[in-house]
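Structure record follows, encoded as structure tokens.
The values are calculated or read from the model by the stated rules, or taken from the named source; none is laboratory data. This structure is a prediction, so every number in the text was calculated from the model and none was measured. Cβ placement follows ideal geometry from the backbone for every residue including glycine, while neighbour counts extend to all protein chains displayed. Just the protein is used for accessible areas: all its heavy atoms, side chains included, with ligands, DNA and RNA removed. Shrake-Rupley method; radii C 1.70, N 1.55, O 1.52, S 1.80 Å.
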Amino acid sequence: MAAIAGGFEWFDDLVWGPPLLILLLGVGIFLTVSLRGLQVSRLPLAARMVFTPHKESASKKGDLTSFAALCTALAATIGTGNIVGVATAVSIGGPGALFWMFVAAFFGMATKYAECLLAVHFRETDSRGRYVGGPMFYIRNGIGKKYPRLAAVLAFMFALFGIMAGCLGIGTYTQINSIVEAGAQLGVDRLYSAIAVTLIVGWIIYGGLKYIANTSRTVVPVMAMVYIVCCLVVVGLNISAVPDAIMLIVKSAFTTTSAVGGFAGATVLMAIQKGVARGIFSNEAGLGSAPIAAASAKTNSPVEQGLISMTGTFLDTMIICMLTGLTLVLTGAWSSEETGVAMTTLAFSQTLGSAAGLYIINISLLFFAMTTIIGWNFYASRCVIYLFGARAVTPFKIIFIMFVASYILIVLFVDMGDATQKTAINTVWTLSDIANGLMAFPNLIALFMLRKVIWSDTRDYFNNLKMKRQKAAIEEK
């Protein structure tokens, strides 16, 4: 098992090495410049679209409201990365990792806008009349017109790695492990937690897309708001230390961070690598997962859905992840001996008391992880539809539930004899990172090759919007 783990770690370092990090940031910077900082100038408009009720219209094509599609995507993105991922980034890369996480998210907003725009632009209907889309479809329908062989390879790669991530990585074992460990902190036996997760997931995914969307639309806003409020309370009670904490974060982003307490020290390169990688793991900008949900949105405007989806990265990383990171730095938990969820729990416990910290973090983690499983089941099922057709969805549901149930055998019983090193679950986390990274490559290539479609749709939309406003102003006079 140790040899297998070592092999996966080597490949993970290769996948998430400088080429992918440069590609992720490079595409984000390129889109930011070419779209003239759209994630800043159009963010107020995007926020109004999210929070303003939209009237349903028979002319709008799609299966879900734009808000429900956003919540389905957020269900998959707001997860363990917001609690465990941030703590991991800070424990290895130091406070400076938070700065680079913020930078990656800023440029990632342009990436998320572009990929979700393309998802609606190139979406299609399956044999059941439901709208499907995502990178595999805009690669085939966009790039395929000029480069059919390249498109076939890239689309196949994305769909295959998407299924792999959903079944073997971020969509199952990593989330179930977080739920099981959170339950253990609350006094629930790990075996019972694993069984309960299997039953709940089976019940929800057999309800279909509308059931998944309704669950996400109800749970995601509530769980996000509760966690944000709790973080703000911690920050508020330590408000005098905020300026120094921000200065430490910025300074550590550009200078080596010395060892202190349980922190071993970090170079600038470590801060950049962990900040960008953990940030992408959390908000998934550039991975191509969110466009799969965006393609189901009930809208006739690719640009509007792109703007709405863009706010997901803002909420996930620039608000939730940054608040988590700030609590770690403010309370000094980042330099403790603790890691992962234990570090975040310590940060809350030091300010709110041990009981409050324990329950807030672990209950939040339970909901975050559960909705991520549901969201990634949806993503993986769309990849299955692309490769095998709509009829394969029902058998896939059974297979997915079997993967969820197999956590009991693969992790619990394997790691029972290796309780200290936790080799099995650590290997699963590594496999999850690998699958995410492999998904990103074909998607980022597609975004660059389809840049003219992104520019054209964006230009036409805002030109028409400007003309409508001018016409309305004239009519008022």
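The alpha carbons of the chain occupy a box of 63, 53, 39 Å along the principal axes, longest dimension given first. Across segment 433-448, rounded Karplus estimates of 3J(HN,Hα) from the backbone phi angles (6.51 cos²θ - 1.76 cosθ + 1.60, θ = phi - 60°) give 4, 4, 4, 4, x, 5, 5, 5, 4, x, 5, 5, 4, 5, 4, 5 Hz, Gly and Pro being marked x.
Scalar couplings 3J(HN,Hα) for segment 400-407, obtained by applying the Karplus form with A = 6.51, B = -1.76, C = 1.60 to θ = phi - 60°, are 4, 5, 5, 5, 4, 5, 5, 3 Hz; x denotes Gly and Pro. Over the C-alpha trace of segment 321-376, radius of gyration and Dmax come out as 11.9, 34 angstrom. Which FRET efficiency value, to the nearest 0.05, do you get for residue 355 and residue 464 by plugging their Cβ-Cβ distance into 1/(1 + (r/R0)^6) with R0 = 60 Å? So the FRET efficiency works out to roughly 0.60. Peptides 151-158, 395-402 ranked from most to least packed by the mean count of surrounding Cβ atoms within 10 Å: 151-158, 395-402. For segment 274-321, the equivalent ellipsoid built from the Cα gyration tensor has semi-axes of 22, 11, 7 Å, listed from largest to smallest.
Note on segment 112-185: Rg/Rh from C-alpha atoms, Kirkwood Rh, equals 1.15. With a Förster radius of 30 Å applied to the beta-carbon distance between residue 254 and residue 14, the computed FRET efficiency rounds to 0.65.
When restricted to Cα atoms, segment 346-408 yields an Rg and a Dmax of 17.7, 52 Å, respectively. Adding -39500 (n - 2.57) for every DSSP H run of four residues or longer, then dividing by how many residues the chain holds, sets the calculated 222 nm ellipticity at -24500 deg cm²/dmol. Going toward the positive end of the dipole of the chain, with +1 on Lys and Arg Cβ and -1 on Asp and Glu Cβ, which of 392, 121, 323 do you reach last? After comparing all options, I get 121.
Reducing segment 24-48 and segment 266-317 to their Cα centroids gives an inter-centroid distance of 12 Å. With contacts taken as Cα pairs under 8 Å and at least 6 residues apart, the chain reaches a relative contact order of 34 percent. Measuring between their Cα centroids, segment 115-143 and segment 180-204 lie 35 Å from each other. For residue 370, the accessible surface of its heavy atoms amounts to roughly 30 Å² (probe 1.4 Å, protein chains only, rounded to the nearest 10). Only one residue of 14, 137, 360 has its Cα farthest out toward the positive end of the dipole of the chain, where Lys and Arg carry +1 and Asp and Glu -1 on Cβ, and that residue is 137.
Principal axis analysis of the Cα atoms in segment 277-375 yields extents of 50, 22, 20 Å, listed in decreasing size.
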